[in-house]
Amino acid sequence: MVKQVLVAMGFVLSWPTLAAAQNPVTADSPFQMRALVSLKGKDAVVVSNSGANGSALCASAYAFDPADGQLVNCCSCHLFPNAMRSIPIAADLLENDKPRPKSLVLKLLAAAPVAGECSASAPGSLAAGLTAWKGETPFTTATLSAMELSTMTTQCGALHPTARPCDACPVP
Amino acid sequence: MVKHALLVLALVLSWPTLAAAQNPVTADSPFQMRALVSLKGKDAVVVSNSGANGSALCANAYAFDAQDGQLLDCCSCHVPPNVLRSIPIAADLLENDKPLPKSLVLKLLASIPVAGECSASAPGALIVGLTAWKGETPLTPATLSAAELSAMTVQCGFAHPAARTCDACPAPPPPM
């Protein structure tokens, strides 16, 4: 009886650890977003890699129409530790699409490169280490559901059947 | 010995529940707030849905008098995933009430729509997924007590016996 109770205690004690593993408590968690109003032509998202993994990561960017929530465009950016890339939203992420939206919802996903390459429609395993700002304000970390991940990547794949690197991000 | 072990087990079992209830670990947790000073006529709160639930959520907004902490007004906003809504604070949330307060405390609560509809006085189950900004600054996730939840919704129910939709937020489409 005592043995069974102790086994149960061991199982229960592991819960907080599992919960901690699921909780993106740091500012460089894999999924981050911003709602952008009054978008200007020169606005850019600045991304960097804290080096949390000791290796490069892919910062995949997804822009959504603020009215209907549908994907407008996507691209991915290869980032070495401590490197910084400034991705112009209108000219790069949105490919100068006209008319330029006045507002949009922007999401970022950090993933490990797959065979050294980055793809916003087929990202590798999610990784910590991404830091991102628009202007002076860091992006907001958020909870990512499997359904939302699938929606983002599927819609991106429909737009760009082959991986599309952001123009601002040199291919390694 | 067995009794002692069971007592310890009961104590340990309560940890995750308490931690989950107290820890707003993500920025898109259900309860967020901002204290606003020098409120301007065109100030707005911008809300979005990270899609954490794969479905729409209700962003319920509550404005409180900065002096006495009493509710000034409330409304609710239906937000599908990846959609953005900009809710003017004075013209929408406060219904152009005069005089415009110079400061106020703003709280947001994210909940599941009930039968497809949103109500700030009778919200559904709380959920993650709400992201919100006022200007360039995100709202602050906070711990929600049962007493505060009750105070917010009861006061909102007095102000608006029927659910009040924020003007900036279109009603959800009717179910197919």
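Exactly one residue among A:Pro113, A:Pro138 is within 10 Å of another protein chain (Cβ to nearest Cβ) and more than 18 Å from A:Thr151 (Cα to Cα), and that residue is A:Pro138.
Of all residues in the stretch A:113-170, those being more than 14 Å from the chain's Cα centre (by Cα), in a loop (DSSP other than H, G, I, E, B) and not polar (S, T, N, Q) number 12. Within the stretch B:71-101, the residues that satisfy the criterion of being away from every other protein chain (no Cβ under 14 Å), in contact (Cβ under 8 Å) with a residue 12 or more places away in the chain and either hydroxyl-bearing (Ser, Thr, Tyr) or touching a helix residue (DSSP H, G or I) at 6+ places or on another chain (Cβ under 7 Å) (or both) are B:Leu71, B:Asp73, B:Cys74, B:Cys75, B:Ser76, B:Leu100.
Counting only residues that are out of contact with any helix residue (DSSP H, G or I) (no Cβ under 7 Å at 6 or more places or on another chain), within 27 Å of B:Val47 (Cβ to Cβ), touching a residue at least 60 places away in the same chain (Cβ under 8 Å) and not acidic (Asp, Glu), the stretch A:87-105 holds 7 of them. Within the stretch A:66-82, at least one residue is of a type in the set (S, T, N, Q), within 14 Å of chain B (Cβ to nearest Cβ) and more than 13 Å from the chain's Cα centre (by Cα). Taking the criterion of being touching an Asp or Glu at 6+ places or on another chain (Cβ under 6 Å) and either at positive phi or not polar (S, T, N, Q) (or both), the only residue of the stretch B:30-53 that qualifies is B:Gly51.
Would you confirm whether or not the stretch B:150-161 contains a residue that is part of a strand (DSSP E or B) and surrounded by 17 or more Cβ atoms within 10 Å (Cβ to Cβ)?
Keep residues of the stretch B:150-161 that are part of a strand (DSSP E or B), which gives none.
So far as the stretch B:150-161 goes, no, none of its residues is part of a strand (DSSP E or B) and surrounded by 17 or more Cβ atoms within 10 Å (Cβ to Cβ).
Each value in this text was obtained by applying a stated rule to the coordinates, not by laboratory testing. For clarity, every value in this text was computed on a predicted model and none was experimentally measured. FYI the Cβ positions are ideal-geometry reconstructions off the backbone, even for glycines, and counts take in every protein chain you see.
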